[in-house]
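Below is one structure, written out as structure tokens, with a few remarks after it.
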Amino acid sequence: KYALTLEPEEWSHYNAMASYYSIINLIDLEIDSYNKGLKLALNESDKSTLYANLSTCYVAKHQYDKAIDYLEKSIECYPNLAYAYYKYGVILNDLGKYEEAKEKYEKALSLPAMENSLQSGLFYYYSSLCLKQYEYNRAKDYILKALEIEPNNEYYQDLYDKINYYTSDSNL
């Protein structure tokens, strides 16, 4: 809040404020803050980030079509934002559109890596999808990448155990 009083024309402060609203589950205020940031964003990369972040608000509101619209705007603004493809893949996966989700995950994987917690999440979701599609070796490769980043993550460990179960000699 203080940063906004000092620099009310800085888009990133509205992005940060929206993150705060997300933490305390005030989704409509989060949306308003992202929209204020969009009005101030000076380049397509910044707008892309805000659009991708807006999509998460609409996922929280179970408005998946609107979330997808914002992800498509994000990709249109800046087609190299791995985060947008990753989040798009998660939505498609949740909707049972596995082949489309896989395409989005693979596009995200082809782009420069995101910060560690996001990258490990991408590895986890991609691994989980590969397991659903009986691509055991690929699933194992990617869950191991996730575990290299977050070795204590219980979800990652559980998926690793499940993959090992399906790939052990006694279960083939």
Worksheet item: Would you call Y64 touching a Leu at 6+ places or on another chain (Cβ under 7 Å) and without any contact (Cβ under 8 Å) to a residue 24 or more places away in the chain?
Response: no
Worksheet item: Residues in segment 31-67 that are within 19 Å of N80 (Cβ to Cβ), open to solvent by 70 Å² or more (accessible area, probe 1.4 Å) and assigned to a helix (DSSP H, G or I): how many?
Response: 1
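Consider segment 146-162. How many of its residues are under 20 Å from N93 (Cα atoms), touching a residue at least 24 places away in the same chain (Cβ under 8 Å) and out of contact with any Gly (no Cβ under 9 Å at 6 or more places or on another chain)?
First, the residues of segment 146-162 that are under 20 Å from N93 (Cα atoms): 146, 155-156, 158-160, 162.
Those left that are additionally touching a residue at least 24 places away in the same chain (Cβ under 8 Å): 146, 155-156, 159, 162.
Now restrict to residues that are out of contact with any Gly (no Cβ under 9 Å at 6 or more places or on another chain): 155-156, 159, 162.
Qualifying residue count, segment 146-162: 4.
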Response to the item:
Output for Cβ contacts, cut-off 8 Å, separation at least six or different chains, first residue among the β-branched types (V, I, T) in segment 12-41, second assigned to a helix (DSSP H, G or I), reads I27/Y21; I27/C57; I27/A60; I31/A18; I31/L54; I31/C57
Response to the item:
Those residues of segment 125-145 which are open to solvent by less than 50 Å² (accessible area, probe 1.4 Å) and more than 20 Å from S168 (Cβ to Cβ) amount to Y126, L129
Worksheet item: Which number in (1) open to solvent by 20 Å² or more (accessible area, probe 1.4 Å); (2) closer than 21 Å to E99 by Cβ marks the one condition that S117 misses?
Response: (2)
Fill in: Long-range neighbours under 7 Å by Cβ, at least six apart or interchain, first residue within 21 Å of E154 (Cβ to Cβ) within segment 102-119, second hydroxyl-bearing (S, T, Y)
L118/Y83; L118/Y86
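Given the condition open to solvent by less than 20 Å² (accessible area, probe 1.4 Å) and either in contact with a Pro (Cβ under 6 Å, 6 or more places away or on another chain) or of a type outside the set (G, A, S) (or both), answer yes or no: does some residue in segment 5-16 qualify?
Checked against the condition, which is being open to solvent by less than 20 Å² (accessible area, probe 1.4 Å) and either in contact with a Pro (Cβ under 6 Å, 6 or more places away or on another chain) or of a type outside the set (G, A, S) (or both), segment 5-16 yields no hits at all.
The values are calculated or read from the model by the stated rules, or taken from the named source; none is laboratory data. In this text the structure is predicted, and so the values were computed from the model without any measurement. All Cβ positions, glycine included, derive from the backbone under ideal geometry; neighbour counts span all protein chains shown. All accessible areas refer to the heavy atoms of the entire protein, side chains included, with ligands and DNA or RNA removed. Shrake-Rupley method; radii C 1.70, N 1.55, O 1.52, S 1.80 Å.
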